[in-house]
Amino acid sequence: MKRVALIIALMLSVLVVPSNAQVVFYKFKFTKDSPMGMAPTRKGLDMKIKNTSGRVIKKIIIDYSGVNDINEAVSSDIVGGVNANVKHTKYRRQSLTGPMQPGKTEKPWVSGAFWSRQRVQPFPQKVTVVYMDNSEDVIPITKENIKEVFPCLEWIDVDYEHGL
């Protein structure tokens with residue numbers, strides 16, 4: 001009987017432990033982004049983000065890479081943004097401005113976030129949350145916390161050395 005009570009108590013404690021993620025991405029994927037078929041290699045970034053911090057968010061910055069079917073990071077063929085001087089880069093950054101109220105869910109969609117002939121999926125390295133008072137939280141994405149911040153993604157051991 002004591003064993004059953006202990007198991008139930010452990011299960012309940014796991015359910016009520018608050019998440020320390022400041023934002024949660026319920027969707028984070030590339031979608032087709034080719035107006036009238038003009039740019040077949042262009043991909044949009046589709047997201048669904050919830051503010052779980054209890055504070056108003058000013059900006060969310062996501063550092064990510066495109067990863068192909070064999071877990072290699074591949075370069076995007078676009079120029080611009082923070083990587084304006086680098087044509088082919090395996091690292092991308094997306095900045096989303098707010099304000100984003102506590103407990104609210106946003107569904108941003110970014111056109112032309114990645115260009116590649118390969119079938120790729122976005123994989124995050126880091127999320128930076130900037131609050132209205134300009135304080136910030138930097139969340140490096142690790143194998144241990146990926147399900148907390150990106151419950152929609154599985155961990156990938158990305159090969160950044162190889163790939164195009």
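Data table
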read-out	value
Criterion (at pLDDT below 95 and surrounded by 12 or more Cβ atoms within 10 Å (Cβ to Cβ)) met by exactly one of Asn134, Asn83	Asn83
The lone exception for Lys147 - which of (1) open to solvent by less than 70 Å² (accessible area, probe 1.4 Å); (2) of a type outside the set (S, T, N, Q); (3) not in a loop (DSSP other than H, G, I, E, B) it fails	(1)
Verdict on Gly103 being in a strand (DSSP E or B), out of contact with any His (no Cβ under 8 Å at 6 or more places or on another chain), surrounded by fewer than 17 Cβ atoms within 10 Å (Cβ to Cβ) and in contact (Cβ under 8 Å) with a residue 24 or more places away in the chain	no
Residue count for the range 18-45, restricted to those that are over 25 Å from Asp133 (Cα atoms), open to solvent by less than 30 Å² (accessible area, probe 1.4 Å) and either acidic (Asp, Glu) or in a loop (DSSP other than H, G, I, E, B) (or both)	2
Some residue of the range 87-98 being modelled with pLDDT of 90 or more, among the basic types (Lys, Arg), more than 14 Å from Phe30 (Cα to Cα) and open to solvent by 20 Å² or more (accessible area, probe 1.4 Å)	no
Filter pass, Arg55 being within 19 Å of Phe25 (Cα to Cα), touching a helix residue (DSSP H, G or I) at 6+ places or on another chain (Cβ under 6 Å) and either open to solvent by less than 20 Å² (accessible area, probe 1.4 Å) or at pLDDT 85 or above (or both)	no
Residue in the range 120-131 that is without any contact (Cβ under 8 Å) to a residue 60 or more places away in the chain and part of a loop (DSSP other than H, G, I, E, B) present	no
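The values are calculated or read from the model by the stated rules, or taken from the named source; none is laboratory data. Because the structure is a prediction, the values reported are computed rather than measured. Reconstructed Cβ throughout: ideal geometry from the backbone, glycine too, with neighbour counts over all protein chains shown. Note: accessible area is taken over every heavy atom of the protein model, side chains too, but ligands, DNA and RNA are not part of it. Shrake-Rupley method; radii C 1.70, N 1.55, O 1.52, S 1.80 Å.
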